[in-house]
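Each remark here refers to the structure printed beneath this line.
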Amino acid sequence: MDIDSNTRVDLIVSGLGNIGRRFLSILDRKRPYLCQKYGLDLNVVGVVDSRGAAIDTHGLDLARLVNIKEKGGSAADYPGGYSDTSPLQVVQRVRADVLCEATPVNMEHGEPGLSCMRHALSHGMHVVTANKGPLVLAYGELQRLARESRLRIKFCGTVAGGLPAINLGQRDLAGARIEKLEALPNLTTSFILDRMAQGMTDAQALSAAQAQGCAEADPSLDVDGWDAAFKLVILANSVLGIPAALQDVSVTGITGVTQADLDRAQAEGRMIKLVASASLQGERYQLTVAPTPLPAGHPLAQLSGQHMGIVYHTDIYGAIAASILETEPVPSAASMLRDLLSIYADLP
Ligand SMILES: NC(=O)c1ccc[n+]([C@@H]2O[C@H](COP(=O)([O-])OP(=O)(O)OC[C@H]3O[C@@H](n4cnc5c(N)ncnc54)[C@H](OP(=O)(O)O)[C@@H]3O)[C@@H](O)[C@H]2O)c1
């Protein structure tokens, strides 16, 4: 297909770290394929990180940008780049079709992502995001803004990296009542419990997770269960259709799990995992994050410390499970492309 006959879609990418940088790389590598397969020319016209921005309404050179970021530079180092320019300033100044948001999570105020998403949805831009913060804090408001403007907000990378956990629940369980969902959405805790089950102490397992790059320097949000709870809130709102907030989730992390607990579970043929679950009790879902001994035959029990997974128990489709082995953040970054294509491509 001739590139001129493609539909051009202009993108702003906010946040150029592990996810944003890899997303640019995927867009660059796949551009000819996306033109040929979907007739879409995905063109990045603005990017911004914590130090500045680069803007070109004709389209930025993505290979050059990725190179700058891989060397530790900023979008401001791109020829003609702007230092000290915030994501909101870029979203306000640059005309684009989609805001692709990949800045860090902030659960106090959701910034810088939340203001940018509000602005985008009020000014004709769809939103694609990997950032949980704005969704946990303002899911209902963002969906209402999108609905009122006939725009879309897509966020499949927020829950379990590259696993299409949300899409599966929203689309492929059509007509079903979800009686229970169980998820392992947090890599750090799965990795730590996996290593502890192999004989490491909790401190050794945490160090190993940090060395592997799957735990933050401050891992408290993960080990205390909050990251899994954030993801459960997003699943509850988007898949179960309930206006759940963080305070609706009963949260227990893995810090109380001892070697003796793991040994006892193993002797009984069980594996302890940090499970995020929503279970229908009468007409209401009970939302829980807790270390849970899963029987060996459970679809989540045998997943390694580098897997994430989800099981939906339904009234008419039985139990459907999906998992992903994610050893680097490429699938998470690719989930932003999946979201873009779900907005623009003529998918079956
Ligand atoms: N990493 C994963 O595996 C993964 C998976 C799924 C979802 N996510 C989510 O994706 C988002 C990005 O994660 P990440 O791992 O890519 O984070 P990251 O590596 O820390 O990158 C964050 C990016 O945002 C920029 N940034 C930080 N504060 C900013 C500010 N105030 N204004 C403008 N830009 C700012 C940083 O700028 P500099 O480049 O200048 O530092 C960097 O480019 C997070 O919300 C995360 O939860 C991550």
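The values are calculated or read from the model by the stated rules, or taken from the named source; none is laboratory data. Nothing here was measured: the structure is a model prediction, and the numbers come from that model. Cβ coordinates were reconstructed from backbone atoms using ideal geometry, including for glycine residues, and neighbour counts include every protein chain displayed. Remember, those area values only see protein heavy atoms, side chains included, never the ligands or the DNA or RNA. Shrake-Rupley method; radii C 1.70, N 1.55, O 1.52, S 1.80 Å.
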Taking ASN167 as meeting all but one of (1) closer than 21 Å to ALA244 by Cα; (2) open to solvent by less than 10 Å² (accessible area, probe 1.4 Å), write down the number of the exception.
(2)
Which of the residues spanning the stretch 197-255 are open to solvent by 50 Å² or more (accessible area, probe 1.4 Å) and among the aromatic types (Phe, Trp, Tyr)?
TRP226
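Within the bounds of the stretch 13-30, is there any residue that is basic (Lys, Arg), assigned to a helix (DSSP H, G or I), more than 13 Å from LYS69 (Cβ to Cβ) and at pLDDT 95 or above? First the steps, then the outcome.
Filtering the stretch 13-30 for residues basic (Lys, Arg) gives 21-22, 29-30.
The next check asks that each one be assigned to a helix (DSSP H, G or I); those that pass are 21-22, 29-30.
Then drop every residue that is not more than 13 Å from LYS69 (Cβ to Cβ), which leaves 29-30.
Right, trim to at pLDDT 95 or above and you get 29-30.
Yes - at least one qualifying residue is present in the stretch 13-30.
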Kindly indicate whether any position in the stretch 146-159 is of a type in the set (A, V, I, L, M, F, W, C), open to solvent by 10 Å² or more (accessible area, probe 1.4 Å) and part of a helix (DSSP H, G or I).
no
Among the residues of the stretch 214-230, count how many are touching a residue at least 40 places away in the same chain (Cβ under 8 Å) and either among the small types (Gly, Ala, Ser) or assigned to a loop (DSSP other than H, G, I, E, B) (or both).
4
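Answer yes or no: is there a residue in the stretch 53-60 that is within 10 Å of the ligand (Cβ to nearest atom), open to solvent by 10 Å² or more (accessible area, probe 1.4 Å) and of a type in the set (Val, Ile, Thr). I'd like the intermediate steps shown before the answer.
Initially, the stretch 53-60 is screened for residues within 10 Å of the ligand (Cβ to nearest atom), giving 53.
Still in the running and open to solvent by 10 Å² or more (accessible area, probe 1.4 Å): none.
Scanning the stretch 53-60 turns up no residue that is within 10 Å of the ligand (Cβ to nearest atom), open to solvent by 10 Å² or more (accessible area, probe 1.4 Å) and of a type in the set (Val, Ile, Thr).
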State all residues of the stretch 293-348 that are open to solvent by 30 Å² or more (accessible area, probe 1.4 Å) and within 15 Å of the ligand (Cβ to nearest atom); if no residue qualifies, say none.
GLN306, HIS307, LEU325, THR327, GLU328, PRO329, VAL330, PRO331, ALA334, ARG338
Verdict on GLN266 being over 29 Å from ALA244 (Cα atoms), modelled with pLDDT under 95 and open to solvent by 10 Å² or more (accessible area, probe 1.4 Å):
yes
Of the conditions (1) within 22 Å of SER335 (Cβ to Cβ); (2) within 12 Å of the ligand (Cβ to nearest atom); (3) in a loop (DSSP other than H, G, I, E, B); (4) not hydroxyl-bearing (Ser, Thr, Tyr), GLY72 satisfies every one except a single condition; which number is it?
(1)
What are the pairs, 6+ residues apart or on separate chains, where a residue within the stretch 95-120 that is under 18 Å from ASP227 (Cβ atoms) has its Cβ under 6 Å from a residue that is more than 12 Å from the ligand (Cβ to nearest atom)?
GLY110/LEU137
Residues that are in contact with a Lys or Arg (Cβ under 6 Å, 6 or more places away or on another chain), closer than 22 Å to THR327 by Cα and not acidic (Asp, Glu): does the stretch 2-18 have at least one?
yes
Matching residues in the stretch 1-51 - criterion: being more than 9 Å from the ligand (Cβ to nearest atom), among the small types (Gly, Ala, Ser) and farther than 13 Å from LEU341 by Cβ:
SER5, SER25, GLY46
Unmet criterion (only one of (1) modelled with pLDDT of 95 or more; (2) farther than 19 Å from VAL136 by Cα) for GLN306
(1)
If the Cβ limit is 8 Å and pairs must be 6+ apart or interchain, which residue in the stretch 134-151 that is under 23 Å from PHE230 (Cα atoms) and acidic (Asp, Glu) pairs with which residue that is open to solvent by 30 Å² or more (accessible area, probe 1.4 Å) and assigned to a helix (DSSP H, G or I)?
GLU141/ARG118
What tally of residues in the stretch 112-141 results from selecting those that are within 15 Å of the ligand (Cβ to nearest atom), of a type in the set (S, T, N, Q) and open to solvent by 10 Å² or more (accessible area, probe 1.4 Å)?
1
If I ask for residues that are in a loop (DSSP other than H, G, I, E, B) and more than 11 Å from the ligand (Cβ to nearest atom), which ones from the stretch 79-108 would you list?
PRO79, GLY80, GLY81, VAL94, ARG95, ALA96, ASP97, GLU108
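Looking at the stretch 231-348, what strands (runs of 3 or more DSSP E) fall wholly within it and have at least 1 residues that are within 21 Å of MET200 (Cβ to Cβ) and among the β-branched types (Val, Ile, Thr)? Before the answer, list the steps.
Working: elements: 249-251, 270-281, 284-295, 307-314, 319-325.
Ranges flagged: 270-281, 284-295.
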